[in-house]
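A short write-up of the structure that comes next.
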Amino acid sequence: MIFEWRSGLHTGLVAPTYATRNQCACGFSESRVLQDPLVPTRRSMSLWLLQAANRDRRAQTIEIETLLRELGERSFGWSLLLFALVNLLPLPLGSTLLTGIPLLIVSVQMVLQFDHVRLPGFITRRQLSRTALRQGIIRLQPLMRRIERIIHPRQDWVFAYERLLGVALFLIAFALFLPLPLSGWLPALSMLIVSFGIVERDGTVTLIGLGLGLVSILVTVAVLVSLLLGIETLL
């Protein structure tokens, strides 16, 4: 499905297009698109969110559960991105005992091969304004386009090993979960990189994030061993 420019903002693809006025599910015009054949096109990261947010345009709000279900497998990437960003905030020591739990839950669901992320009901029953959600996504598009210059679909074989990927993410999330000094930001950063790779099906970026995650696990182990040795010395 190919979308056109609207209100001066590019709504989905990398290249500009020209279309007639048939309405699609996202509320943007499409049909009989004339496009520059020299410019490659692909869906932008934000387009997946726009499609999910506009599935039923008659409703003024959308439940988080509905949004996750519409995103399907990409809901794992978006959920990891959101919770990784939370853990990159300057929070007090010990906060990861709470903020790390959602990452553990999402990674376990990847191991169990859920079709989309499932969160507790008190979260998924919350209503989001479709208009506010769309406006937020559109504001993020300039940033998304910069990221998409680096991240794009490749090395798709990585995602054939979803369970192994989930196990690796669980170990990284557990390293983040432990309330150890100087060990939280690195696993959170690796989860953020992996999340971008999952959303865009970029196996190369995903592997880079996993490599950084391995480093974060080693750092966490080193910090934990140092603390245990220090405690043993004091005793």
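Readers should treat all values here as calculations from the given coordinates under stated rules, not as data from a laboratory. What you see is a predicted model; the values in this text were computed from it and never measured. As a convention, Cβ positions derive from the backbone with ideal geometry for all residues, glycine included, and neighbour counts pool all protein chains shown.
Would you tally the residues in the stretch 80-94 being within 16 Å of Ser183 (Cβ to Cβ) and in contact with a helix residue (DSSP H, G or I) (Cβ under 8 Å, 6 or more places away or on another chain)?
Matching residues across the stretch 80-94 total 4.
What number of residues within the stretch 170-204 are under 13 Å from the mean Cα position of the chain (by Cα) and either surrounded by fewer than 20 Cβ atoms within 10 Å (Cβ to Cβ) or in a helix (DSSP H, G or I) (or both)?
Applying the first criterion (under 13 Å from the mean Cα position of the chain (by Cα)) to the stretch 170-204 yields 188-202.
If we keep only those that are either surrounded by fewer than 20 Cβ atoms within 10 Å (Cβ to Cβ) or in a helix (DSSP H, G or I) (or both) too, we end up with 188-201.
Summing the residues that are under 13 Å from the mean Cα position of the chain (by Cα) and either surrounded by fewer than 20 Cβ atoms within 10 Å (Cβ to Cβ) or in a helix (DSSP H, G or I) (or both) in the stretch 170-204 gives 14.
Which residues, counting only those in the stretch 83-98, are surrounded by fewer than 21 Cβ atoms within 10 Å (Cβ to Cβ), part of a helix (DSSP H, G or I) and touching a residue at least 24 places away in the same chain (Cβ under 8 Å)?
Within the stretch 83-98, Leu85, Leu97 meet the criteria.
Under 16 Å from the mean Cα position of the chain (by Cα), basic (Lys, Arg), surrounded by 13 or more Cβ atoms within 10 Å (Cβ to Cβ) and part of a helix (DSSP H, G or I): which single residue out of Arg145, Arg118 fits that description?
On the way: Arg118 fails: part of a helix (DSSP H, G or I).
Exactly one residue qualifies, and that residue is Arg145.
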